[in-house]
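J.: Supplied in C-alpha coordinates, the structure appears directly below.
The values are calculated or read from the model by the stated rules, or taken from the named source; none is laboratory data. Since the structure is predicted, the reported quantities are computational estimates derived from the model, not experimental observations. Counting neighbours? That spans all protein chains shown, and the Cβs are built from the backbone with ideal geometry, glycine included. Ligands, DNA and RNA are stripped out before the accessible areas are found, and what is left, the full protein with its side chains, is counted by its heavy atoms. Shrake-Rupley method; radii C 1.70, N 1.55, O 1.52, S 1.80 Å.
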Amino acid sequence: MTDAALALHINGQSRRFASVPDAERLLDTLRWRAGLKGTKEGCRTGDCGACTVLVGGEPTLSCLLLSREVGDEPVTTIEGVAAVPIGQAVIKAFAEAGAVQCGYCTPGFVVALAAQLGRSKSPPDVESLVDGLEGNLCRCTGYRAIERAVALARKAVQ
Amino acid sequence: MSSLVAHRKAINRRPVGVRVSFQLVQPATPEEAVRLLAGASAGQMSVLGGGTDLLIDIDQARASPRQVLSLRKMPWRYLRWEGSSLVVGSTLPLRTLELDRRVQQQLPGLWEAIRDVGSPALRARATLGGNVGRCSPASDLLPMLIALDARVRILGPSGVREHPVDLVLQESRKTNLGPAELIESLIFPSAAPSTYMWQRVQPVNDISQVGVATAYLPDAPHWRIALGGLQPRARRLSEAEAVLRSARPTHLEQELAAQEAARRAEFVSDKRATESYRRRLVAVMVRRALQTTIDRMPRPAAARKPSR
(Lines give C-alpha, C1' and ligand atoms only; values in the text may rest on other atoms or scores of the structure.)
Protein backbone atom coordinates (compact mmCIF):
# COMPACT_ATOMS: atom_id res chain seq x y z
CA MET A 1 0.00 0.00 0.00
CA THR A 2 1.33 3.38 -0.95
CA ASP A 3 1.61 6.05 1.70
CA ALA A 4 2.46 8.99 -0.50
CA ALA A 5 2.70 12.63 0.55
CA LEU A 6 -0.43 14.74 0.37
CA ALA A 7 -0.89 18.47 -0.18
CA LEU A 8 -4.04 20.22 1.01
CA HIS A 9 -5.22 23.81 1.11
CA ILE A 10 -6.47 24.31 4.67
CA ASN A 11 -7.73 27.61 6.12
CA GLY A 12 -5.91 29.61 3.46
CA GLN A 13 -2.60 27.84 3.92
CA SER A 14 -0.91 25.20 1.81
CA ARG A 15 -0.16 22.22 4.00
CA ARG A 16 1.90 19.18 3.08
CA PHE A 17 1.75 15.89 4.93
CA ALA A 18 4.25 13.07 4.54
CA SER A 19 3.10 9.49 4.02
CA VAL A 20 -0.68 9.65 4.25
CA PRO A 21 -2.43 6.28 3.76
CA ASP A 22 -4.95 6.18 0.90
CA ALA A 23 -7.74 5.13 3.25
CA GLU A 24 -7.31 8.12 5.57
CA ARG A 25 -10.32 10.41 6.08
CA LEU A 26 -10.11 14.16 5.97
CA LEU A 27 -11.31 14.21 9.61
CA ASP A 28 -8.23 12.28 10.73
CA THR A 29 -5.82 14.29 8.59
CA LEU A 30 -7.20 17.51 10.07
CA ARG A 31 -7.16 16.36 13.68
CA TRP A 32 -4.07 14.18 13.83
CA ARG A 33 -1.79 15.58 11.15
CA ALA A 34 -2.77 19.25 10.84
CA GLY A 35 -3.40 19.48 14.61
CA LEU A 36 -6.78 21.14 14.07
CA LYS A 37 -8.70 19.55 16.91
CA GLY A 38 -11.73 21.81 16.63
CA THR A 39 -13.34 19.43 14.15
CA LYS A 40 -14.89 16.60 16.18
CA GLU A 41 -15.37 12.93 15.52
CA GLY A 42 -18.92 11.94 16.46
CA CYS A 43 -20.59 8.97 14.82
CA ARG A 44 -18.24 8.46 11.88
CA THR A 45 -21.22 7.29 9.81
CA GLY A 46 -22.47 10.61 8.45
CA ASP A 47 -25.35 10.99 10.90
CA CYS A 48 -24.29 13.56 13.49
CA GLY A 49 -22.60 16.49 11.70
CA ALA A 50 -19.93 17.00 14.40
CA CYS A 51 -17.18 16.65 11.77
CA THR A 52 -18.64 19.23 9.37
CA VAL A 53 -16.03 21.32 7.52
CA LEU A 54 -16.25 23.40 4.36
CA VAL A 55 -14.84 21.86 1.20
CA GLY A 56 -14.99 24.29 -1.69
CA GLY A 57 -17.24 26.45 0.51
CA GLU A 58 -19.87 23.72 0.89
CA PRO A 59 -20.55 22.05 4.27
CA THR A 60 -19.20 18.50 3.99
CA LEU A 61 -18.83 15.59 6.39
CA SER A 62 -15.10 15.10 6.86
CA CYS A 63 -15.60 11.60 8.30
CA LEU A 64 -16.90 10.33 4.96
CA LEU A 65 -14.35 11.97 2.71
CA LEU A 66 -11.00 10.48 1.81
CA SER A 67 -8.25 13.09 2.19
CA ARG A 68 -7.00 12.22 -1.28
CA GLU A 69 -10.41 12.94 -2.76
CA VAL A 70 -10.25 16.59 -1.70
CA GLY A 71 -7.86 17.54 -4.50
CA ASP A 72 -7.43 21.27 -5.06
CA GLU A 73 -10.58 22.31 -3.24
CA PRO A 74 -9.99 24.64 -0.30
CA VAL A 75 -10.83 23.20 3.12
CA THR A 76 -12.08 25.48 5.90
CA THR A 77 -12.34 24.12 9.42
CA ILE A 78 -13.92 25.68 12.51
CA GLU A 79 -10.53 27.33 13.17
CA GLY A 80 -10.78 29.03 9.76
CA VAL A 81 -14.43 29.97 10.26
CA ALA A 82 -13.64 31.45 13.67
CA ALA A 83 -11.11 33.79 12.03
CA VAL A 84 -13.65 35.61 9.85
CA PRO A 85 -16.36 38.10 10.97
CA ILE A 86 -19.35 35.91 10.08
CA GLY A 87 -17.88 33.00 12.03
CA GLN A 88 -17.22 35.26 15.00
CA ALA A 89 -20.79 36.56 14.88
CA VAL A 90 -22.13 32.98 14.92
CA ILE A 91 -19.88 31.98 17.81
CA LYS A 92 -20.95 35.03 19.79
CA ALA A 93 -24.61 34.28 19.09
CA PHE A 94 -24.18 30.69 20.33
CA ALA A 95 -22.58 31.94 23.54
CA GLU A 96 -25.21 34.62 24.12
CA ALA A 97 -28.13 32.27 23.50
CA GLY A 98 -26.74 29.60 25.81
CA ALA A 99 -26.64 27.24 22.85
CA VAL A 100 -23.52 25.49 24.09
CA GLN A 101 -23.64 22.92 26.84
CA CYS A 102 -21.07 20.16 26.46
CA GLY A 103 -19.94 21.88 23.27
CA TYR A 104 -18.97 18.78 21.32
CA CYS A 105 -21.45 19.41 18.51
CA THR A 106 -20.92 23.18 18.44
CA PRO A 107 -18.09 23.42 15.87
CA GLY A 108 -20.23 21.49 13.38
CA PHE A 109 -23.21 23.78 13.98
CA VAL A 110 -21.09 26.92 13.68
CA VAL A 111 -19.47 25.80 10.41
CA ALA A 112 -22.81 24.77 8.87
CA LEU A 113 -24.56 27.99 9.94
CA ALA A 114 -21.72 30.32 8.96
CA ALA A 115 -21.65 28.74 5.48
CA GLN A 116 -25.35 29.47 5.03
CA LEU A 117 -25.04 33.03 6.29
CA GLY A 118 -22.03 33.71 4.10
CA ARG A 119 -23.66 32.47 0.92
CA SER A 120 -25.71 35.54 0.05
CA LYS A 121 -25.88 39.20 1.02
CA SER A 122 -29.35 38.93 2.51
CA PRO A 123 -29.49 35.88 4.78
CA PRO A 124 -32.35 33.36 4.36
CA ASP A 125 -35.15 33.36 6.95
CA VAL A 126 -34.60 31.68 10.33
CA GLU A 127 -36.70 28.68 9.37
CA SER A 128 -34.61 27.76 6.35
CA LEU A 129 -31.42 28.41 8.29
CA VAL A 130 -32.64 25.96 10.95
CA ASP A 131 -33.59 23.50 8.16
CA GLY A 132 -30.02 23.73 6.94
CA LEU A 133 -28.87 22.42 10.32
CA GLU A 134 -30.96 19.24 10.07
CA GLY A 135 -27.79 17.17 9.81
CA ASN A 136 -26.32 18.47 13.07
CA LEU A 137 -27.30 16.62 16.21
CA CYS A 138 -27.13 17.99 19.75
CA ARG A 139 -27.90 15.77 22.72
CA CYS A 140 -27.74 18.53 25.35
CA THR A 141 -29.64 21.66 24.48
CA GLY A 142 -32.93 20.39 23.14
CA TYR A 143 -32.30 22.71 20.18
CA ARG A 144 -34.39 25.64 21.44
CA ALA A 145 -31.31 27.61 22.47
CA ILE A 146 -29.69 26.77 19.14
CA GLU A 147 -32.72 28.16 17.31
CA ARG A 148 -32.36 31.35 19.36
CA ALA A 149 -28.68 31.45 18.41
CA VAL A 150 -29.59 31.14 14.74
CA ALA A 151 -31.93 34.12 15.01
CA LEU A 152 -29.32 36.15 16.88
CA ALA A 153 -26.59 35.31 14.36
CA ARG A 154 -28.86 36.18 11.47
CA LYS A 155 -29.59 39.55 13.01
CA ALA A 156 -25.91 40.19 13.65
CA VAL A 157 -24.80 39.66 10.06
CA GLN A 158 -27.68 41.52 8.45
CA MET B 1 -2.11 9.53 38.12
CA SER B 2 0.86 8.83 35.88
CA SER B 3 -1.11 6.14 34.09
CA LEU B 4 -3.80 8.71 33.31
CA VAL B 5 -1.18 11.02 31.85
CA ALA B 6 0.21 8.15 29.80
CA HIS B 7 -3.29 7.32 28.64
CA ARG B 8 -3.96 10.91 27.55
CA LYS B 9 -0.67 11.00 25.70
CA ALA B 10 -1.56 7.77 23.93
CA ILE B 11 -4.91 9.24 22.87
CA ASN B 12 -3.26 12.37 21.57
CA ARG B 13 -0.80 10.36 19.55
CA ARG B 14 -3.40 8.03 18.13
CA PRO B 15 -2.04 6.59 14.89
CA VAL B 16 -4.27 7.46 11.98
CA GLY B 17 -5.64 5.36 9.18
CA VAL B 18 -4.96 2.06 10.90
CA ARG B 19 -8.49 0.75 10.89
CA VAL B 20 -8.59 -0.11 7.23
CA SER B 21 -6.25 0.01 4.33
CA PHE B 22 -6.70 0.01 0.58
CA GLN B 23 -5.10 1.50 -2.46
CA LEU B 24 -6.95 4.40 -4.05
CA VAL B 25 -6.81 4.69 -7.81
CA GLN B 26 -7.96 7.91 -9.44
CA PRO B 27 -8.22 7.41 -13.20
CA ALA B 28 -8.37 10.57 -15.30
CA THR B 29 -10.78 9.38 -18.00
CA PRO B 30 -13.76 7.00 -18.20
CA GLU B 31 -11.82 4.81 -20.66
CA GLU B 32 -8.97 4.46 -18.19
CA ALA B 33 -11.44 3.67 -15.40
CA VAL B 34 -13.04 0.89 -17.44
CA ARG B 35 -9.61 -0.48 -18.35
CA LEU B 36 -8.53 -0.54 -14.70
CA LEU B 37 -11.75 -2.27 -13.66
CA ALA B 38 -11.37 -4.84 -16.44
CA GLY B 39 -7.83 -5.58 -15.31
CA ALA B 40 -8.69 -6.01 -11.60
CA SER B 41 -9.26 -9.47 -10.18
CA ALA B 42 -12.85 -10.28 -9.26
CA GLY B 43 -14.19 -8.59 -6.13
CA GLN B 44 -10.92 -6.82 -5.36
CA MET B 45 -11.82 -3.35 -6.63
CA SER B 46 -14.75 -1.23 -5.40
CA VAL B 47 -16.06 1.83 -7.19
CA LEU B 48 -16.22 5.01 -5.10
CA GLY B 49 -18.77 7.69 -5.96
CA GLY B 50 -19.65 10.08 -3.12
CA GLY B 51 -18.52 7.48 -0.57
CA THR B 52 -21.45 8.00 1.79
CA ASP B 53 -22.31 4.29 1.68
CA LEU B 54 -19.14 2.46 0.61
CA LEU B 55 -16.87 4.10 3.18
CA ILE B 56 -19.25 3.16 6.01
CA ASP B 57 -19.33 -0.43 4.74
CA ILE B 58 -15.53 -0.47 4.66
CA ASP B 59 -15.32 0.99 8.19
CA GLN B 60 -17.73 -1.60 9.51
CA ALA B 61 -15.93 -4.43 7.70
CA ARG B 62 -18.91 -5.27 5.51
CA ALA B 63 -16.61 -4.60 2.56
CA SER B 64 -12.84 -4.94 2.38
CA PRO B 65 -11.67 -4.15 -1.13
CA ARG B 66 -7.96 -4.12 -1.85
CA GLN B 67 -8.38 -1.27 -4.26
CA VAL B 68 -10.89 1.55 -4.49
CA LEU B 69 -11.48 3.23 -7.82
CA SER B 70 -12.42 6.88 -7.47
CA LEU B 71 -14.78 8.54 -9.96
CA ARG B 72 -13.73 12.02 -8.84
CA LYS B 73 -12.08 12.93 -12.14
CA MET B 74 -14.86 11.63 -14.37
CA PRO B 75 -16.54 14.39 -16.42
CA TRP B 76 -19.94 13.35 -15.09
CA ARG B 77 -20.91 16.21 -12.81
CA TYR B 78 -23.51 17.68 -15.11
CA LEU B 79 -27.23 18.25 -15.35
CA ARG B 80 -28.91 19.15 -18.61
CA TRP B 81 -32.37 19.26 -20.08
CA GLU B 82 -32.92 17.79 -23.53
CA GLY B 83 -36.42 18.93 -24.37
CA SER B 84 -38.46 17.73 -21.40
CA SER B 85 -36.07 14.96 -20.45
CA LEU B 86 -33.45 15.46 -17.78
CA VAL B 87 -29.97 13.95 -18.05
CA VAL B 88 -27.95 13.79 -14.83
CA GLY B 89 -24.31 12.77 -14.75
CA SER B 90 -23.81 9.91 -12.31
CA THR B 91 -21.32 11.74 -10.07
CA LEU B 92 -23.24 15.01 -9.72
CA PRO B 93 -23.81 15.67 -6.01
CA LEU B 94 -27.47 15.40 -4.97
CA ARG B 95 -27.16 18.87 -3.45
CA THR B 96 -26.81 20.40 -6.94
CA LEU B 97 -30.04 18.73 -8.07
CA GLU B 98 -31.76 19.86 -4.91
CA LEU B 99 -30.83 23.51 -5.53
CA ASP B 100 -32.08 23.42 -9.14
CA ARG B 101 -35.42 25.21 -9.46
CA ARG B 102 -36.43 23.43 -12.65
CA VAL B 103 -35.90 20.01 -11.10
CA GLN B 104 -38.14 21.03 -8.22
CA GLN B 105 -40.87 22.25 -10.56
CA GLN B 106 -40.81 19.54 -13.21
CA LEU B 107 -39.90 16.48 -11.18
CA PRO B 108 -41.30 17.35 -7.73
CA GLY B 109 -41.21 13.73 -6.55
CA LEU B 110 -37.52 13.41 -7.38
CA TRP B 111 -36.81 16.65 -5.56
CA GLU B 112 -38.69 15.43 -2.48
CA ALA B 113 -36.86 12.10 -2.47
CA ILE B 114 -33.49 13.87 -2.75
CA ARG B 115 -34.39 16.17 0.17
CA ASP B 116 -35.06 13.07 2.24
CA VAL B 117 -31.53 11.72 1.82
CA GLY B 118 -29.39 12.42 4.89
CA SER B 119 -28.45 16.04 5.54
CA PRO B 120 -27.23 18.92 3.32
CA ALA B 121 -23.61 18.08 4.12
CA LEU B 122 -24.19 14.45 3.17
CA ARG B 123 -25.98 15.45 -0.02
CA ALA B 124 -22.94 17.54 -0.96
CA ARG B 125 -21.19 14.20 -1.64
CA ALA B 126 -23.91 11.59 -2.29
CA THR B 127 -24.79 10.89 -5.93
CA LEU B 128 -27.55 9.33 -8.04
CA GLY B 129 -25.04 6.95 -9.61
CA GLY B 130 -23.97 5.77 -6.18
CA ASN B 131 -27.55 5.13 -5.11
CA VAL B 132 -28.16 2.94 -8.15
CA GLY B 133 -24.73 1.27 -8.05
CA ARG B 134 -25.02 0.37 -4.36
CA CYS B 135 -28.70 -0.64 -4.65
CA SER B 136 -29.39 -0.14 -0.95
CA PRO B 137 -32.81 -1.36 0.23
CA ALA B 138 -32.77 1.70 2.50
CA SER B 139 -32.44 4.19 -0.36
CA ASP B 140 -35.20 6.78 -0.55
CA LEU B 141 -34.24 7.55 -4.14
CA LEU B 142 -34.65 4.16 -5.77
CA PRO B 143 -38.48 3.95 -5.53
CA MET B 144 -38.71 7.39 -7.12
CA LEU B 145 -36.27 6.49 -9.90
CA ILE B 146 -38.37 3.40 -10.63
CA ALA B 147 -41.62 5.38 -10.61
CA LEU B 148 -40.14 7.98 -12.99
CA ASP B 149 -38.91 5.20 -15.29
CA ALA B 150 -35.35 6.54 -15.15
CA ARG B 151 -32.90 5.04 -17.64
CA VAL B 152 -29.38 4.12 -16.65
CA ARG B 153 -26.60 4.76 -19.14
CA ILE B 154 -23.84 2.24 -18.56
CA LEU B 155 -20.33 2.47 -19.92
CA GLY B 156 -18.22 -0.65 -20.32
CA PRO B 157 -15.46 -2.30 -22.36
CA SER B 158 -17.86 -2.99 -25.23
CA GLY B 159 -19.38 0.49 -25.35
CA VAL B 160 -22.51 2.03 -23.93
CA ARG B 161 -25.84 0.43 -23.06
CA GLU B 162 -29.01 1.89 -21.63
CA HIS B 163 -31.63 0.17 -19.48
CA PRO B 164 -34.59 1.09 -17.29
CA VAL B 165 -33.42 1.36 -13.69
CA ASP B 166 -35.88 -1.37 -12.68
CA LEU B 167 -33.88 -3.88 -14.75
CA VAL B 168 -30.51 -2.72 -13.47
CA LEU B 169 -31.30 -3.07 -9.75
CA GLN B 170 -31.08 -6.53 -8.25
CA GLU B 171 -30.64 -6.68 -4.50
CA SER B 172 -28.65 -4.98 -1.76
CA ARG B 173 -25.18 -4.07 -3.15
CA LYS B 174 -25.98 -5.96 -6.34
CA THR B 175 -26.88 -4.71 -9.81
CA ASN B 176 -26.66 -6.24 -13.25
CA LEU B 177 -23.62 -4.10 -14.06
CA GLY B 178 -20.68 -6.13 -15.33
CA PRO B 179 -17.41 -6.08 -13.35
CA ALA B 180 -15.87 -3.48 -15.67
CA GLU B 181 -18.98 -1.35 -16.16
CA LEU B 182 -19.71 2.09 -14.76
CA ILE B 183 -22.86 4.20 -14.54
CA GLU B 184 -22.31 7.26 -16.71
CA SER B 185 -25.62 9.05 -16.34
CA LEU B 186 -29.30 8.75 -15.51
CA ILE B 187 -31.99 9.90 -17.88
CA PHE B 188 -35.44 10.96 -16.76
CA PRO B 189 -37.51 10.65 -19.95
CA SER B 190 -39.98 13.39 -19.10
CA ALA B 191 -41.16 15.92 -16.60
CA ALA B 192 -43.89 14.29 -14.50
CA PRO B 193 -46.27 15.18 -11.69
CA SER B 194 -44.85 12.97 -8.96
CA THR B 195 -44.72 12.54 -5.20
CA TYR B 196 -42.45 10.85 -2.71
CA MET B 197 -43.59 10.12 0.84
CA TRP B 198 -41.93 8.27 3.67
CA GLN B 199 -42.66 7.22 7.22
CA ARG B 200 -39.91 6.98 9.80
CA VAL B 201 -39.64 6.47 13.54
CA GLN B 202 -37.58 9.67 13.66
CA PRO B 203 -37.82 12.22 10.86
CA VAL B 204 -34.05 12.64 10.50
CA ASN B 205 -31.19 10.21 10.73
CA ASP B 206 -33.35 7.18 10.27
CA ILE B 207 -34.23 4.73 7.56
CA SER B 208 -37.77 4.86 6.20
CA GLN B 209 -40.14 2.14 7.36
CA VAL B 210 -41.95 2.60 4.09
CA GLY B 211 -41.36 4.87 1.10
CA VAL B 212 -44.02 5.46 -1.55
CA ALA B 213 -43.29 6.99 -4.95
CA THR B 214 -46.02 7.84 -7.44
CA ALA B 215 -45.73 9.45 -10.85
CA TYR B 216 -47.95 10.21 -13.82
CA LEU B 217 -45.91 9.83 -17.01
CA PRO B 218 -46.98 11.23 -20.39
CA ASP B 219 -46.66 7.80 -22.03
CA ALA B 220 -49.02 4.87 -21.38
CA PRO B 221 -49.55 3.18 -18.98
CA HIS B 222 -49.11 6.60 -17.33
CA TRP B 223 -49.46 5.86 -13.62
CA ARG B 224 -46.50 4.33 -11.85
CA ILE B 225 -46.27 3.35 -8.20
CA ALA B 226 -43.12 2.08 -6.50
CA LEU B 227 -42.38 1.12 -2.92
CA GLY B 228 -39.25 1.35 -0.81
CA GLY B 229 -38.49 -0.07 2.60
CA LEU B 230 -38.87 -3.66 1.48
CA GLN B 231 -36.39 -6.48 0.92
CA PRO B 232 -34.47 -7.15 -1.19
CA ARG B 233 -35.02 -3.81 -2.92
CA ALA B 234 -37.52 -1.16 -4.00
CA ARG B 235 -40.08 -2.45 -6.47
CA ARG B 236 -42.84 -1.37 -8.78
CA LEU B 237 -46.45 -2.32 -8.12
CA SER B 238 -47.96 -2.84 -11.55
CA GLU B 239 -51.05 -4.54 -10.09
CA ALA B 240 -51.95 -1.36 -8.20
CA GLU B 241 -51.10 0.82 -11.21
CA ALA B 242 -53.52 -1.18 -13.38
CA VAL B 243 -56.45 -0.01 -11.26
CA LEU B 244 -55.83 3.61 -12.25
CA ARG B 245 -57.32 4.24 -15.66
CA SER B 246 -57.33 7.98 -16.07
CA ALA B 247 -55.21 11.00 -15.25
CA ARG B 248 -57.64 11.90 -12.48
CA PRO B 249 -58.81 8.63 -10.96
CA THR B 250 -61.88 8.68 -8.76
CA HIS B 251 -61.60 8.34 -5.00
CA LEU B 252 -62.80 4.75 -5.34
CA GLU B 253 -60.06 3.94 -7.85
CA GLN B 254 -57.45 5.55 -5.62
CA GLU B 255 -58.69 3.52 -2.66
CA LEU B 256 -58.66 0.30 -4.70
CA ALA B 257 -55.11 1.02 -5.90
CA ALA B 258 -54.03 1.65 -2.30
CA GLN B 259 -55.59 -1.63 -1.14
CA GLU B 260 -54.00 -3.50 -4.03
CA ALA B 261 -50.60 -2.00 -3.17
CA ALA B 262 -50.96 -3.04 0.47
CA ARG B 263 -51.96 -6.56 -0.56
CA ARG B 264 -49.12 -7.05 -3.06
CA ALA B 265 -46.21 -5.53 -1.15
CA GLU B 266 -43.94 -8.16 0.40
CA PHE B 267 -42.74 -6.65 3.64
CA VAL B 268 -40.73 -8.14 6.45
CA SER B 269 -40.86 -7.34 10.16
CA ASP B 270 -37.74 -5.75 11.59
CA LYS B 271 -36.74 -3.40 14.36
CA ARG B 272 -38.29 -0.43 12.56
CA ALA B 273 -41.79 -1.83 11.98
CA THR B 274 -43.80 -5.00 11.80
CA GLU B 275 -44.96 -6.42 8.52
CA SER B 276 -48.62 -5.67 9.28
CA TYR B 277 -47.89 -2.08 10.35
CA ARG B 278 -46.03 -1.49 7.08
CA ARG B 279 -49.00 -2.85 5.16
CA ARG B 280 -51.34 -0.41 6.92
CA LEU B 281 -48.93 2.42 6.21
CA VAL B 282 -48.77 1.59 2.52
CA ALA B 283 -52.52 1.74 2.08
CA VAL B 284 -52.68 5.21 3.62
CA MET B 285 -49.55 6.54 1.97
CA VAL B 286 -50.39 5.35 -1.55
CA ARG B 287 -53.76 7.09 -1.32
CA ARG B 288 -52.15 10.33 -0.13
CA ALA B 289 -49.35 10.18 -2.68
CA LEU B 290 -51.82 9.67 -5.52
CA GLN B 291 -53.93 12.61 -4.37
CA THR B 292 -50.85 14.83 -4.06
CA THR B 293 -49.70 13.83 -7.54
CA ILE B 294 -53.13 14.65 -8.96
CA ASP B 295 -53.04 18.02 -7.21
CA ARG B 296 -49.69 18.70 -8.88
CA MET B 297 -51.02 18.19 -12.39
CA PRO B 298 -51.40 21.28 -14.50
CA ARG B 299 -55.03 22.37 -14.39
CA PRO B 300 -56.98 21.95 -17.62
CA ALA B 301 -57.44 25.35 -19.29
CA ALA B 302 -61.25 25.28 -19.01
CA ALA B 303 -61.13 24.75 -15.25
CA ARG B 304 -59.01 27.84 -14.67
CA LYS B 305 -60.68 30.74 -12.97
CA PRO B 306 -61.12 33.66 -15.30
CA SER B 307 -58.52 36.29 -14.52
CA ARG B 308 -59.78 39.67 -13.47
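J.: Can you give the translational diffusion coefficient of segment B:24-84 in µm²/s, computed by Stokes-Einstein from the Kirkwood radius over Cα pairs at 10 °C and 1.306 mPa s?
T.: Working: Rh = 12.9 Å.
So the translational diffusion coefficient is about 123 µm²/s.
J.: Another question about this same structure. Rounded to a whole number, what % of the accessible area of segment A:84-157 do carbon and sulfur atoms account for, probe 1.4 Å?
T.: 54
J.: On to the next question. For segment B:182-302, what does the accessible surface come to per residue with a 1.4 Å probe? Please give it in Å².
T.: 47
J.: Between A:Cys43 and B:Ser190, what FRET efficiency comes out of the Förster formula 1/(1 + (r/R0)^6) with R0 = 41 Å and r the beta carbon distance, rounded to 0.05?
T.: 0.55
J.: Can I ask one more? If you filter segment B:204-269 for trypsin sites (Lys or Arg not before Pro), then keep DSSP loop positions with at most 16 other Cβ within 10 Å, what is left?
T.: For trypsin sites (Lys or Arg not before Pro) across segment B:204-269 that sit outside H, G, I, E and B with at most 16 neighbouring Cβ atoms in 10 Å, the list reads B:Arg245.
J.: Test of the criteria: in segment A:50-123, which trypsin sites (Lys or Arg not before Pro) are in a DSSP loop and have at most 14 other Cβ atoms within 10 angstrom of their Cβ?
T.: A:Lys121
J.: At 7 Å along Cα-to-Cβ for each site, give me the label-to-label distance between B:Glu255 and B:Gln44 in nm.
T.: 6.2
J.: How shielded is B:51-61 by partner chains, expressed as the average number of their Cβ atoms within 10 Å of its Cβ atoms?
T.: 4
J.: Nearest 100 Å² is fine: what is the total accessible surface buried where chains A and B meet, probe 1.4 Å?
T.: Numbers: alone 8250 and 16190 Å², together 21460 Å².
Adding both sides of the contact gives about 3000 Å².
J.: Greater than 28 Å separation of Cα atoms is the criterion. Which listed pairs, A:Lys40/B:Lys271; A:Lys37/A:Lys92; A:Lys37/B:Lys73, meet it?
T.: Working: A:Lys40/B:Lys271 30 Å; A:Lys37/A:Lys92 20 Å; A:Lys37/B:Lys73 30 Å.
In this structure, A:Lys40/B:Lys271; A:Lys37/B:Lys73 lie more than 28 Å apart at Cα.
J.: What is the mean projected area of the alpha carbon convex hull for chain A, to one decimal in square nanometres?
T.: 8.7
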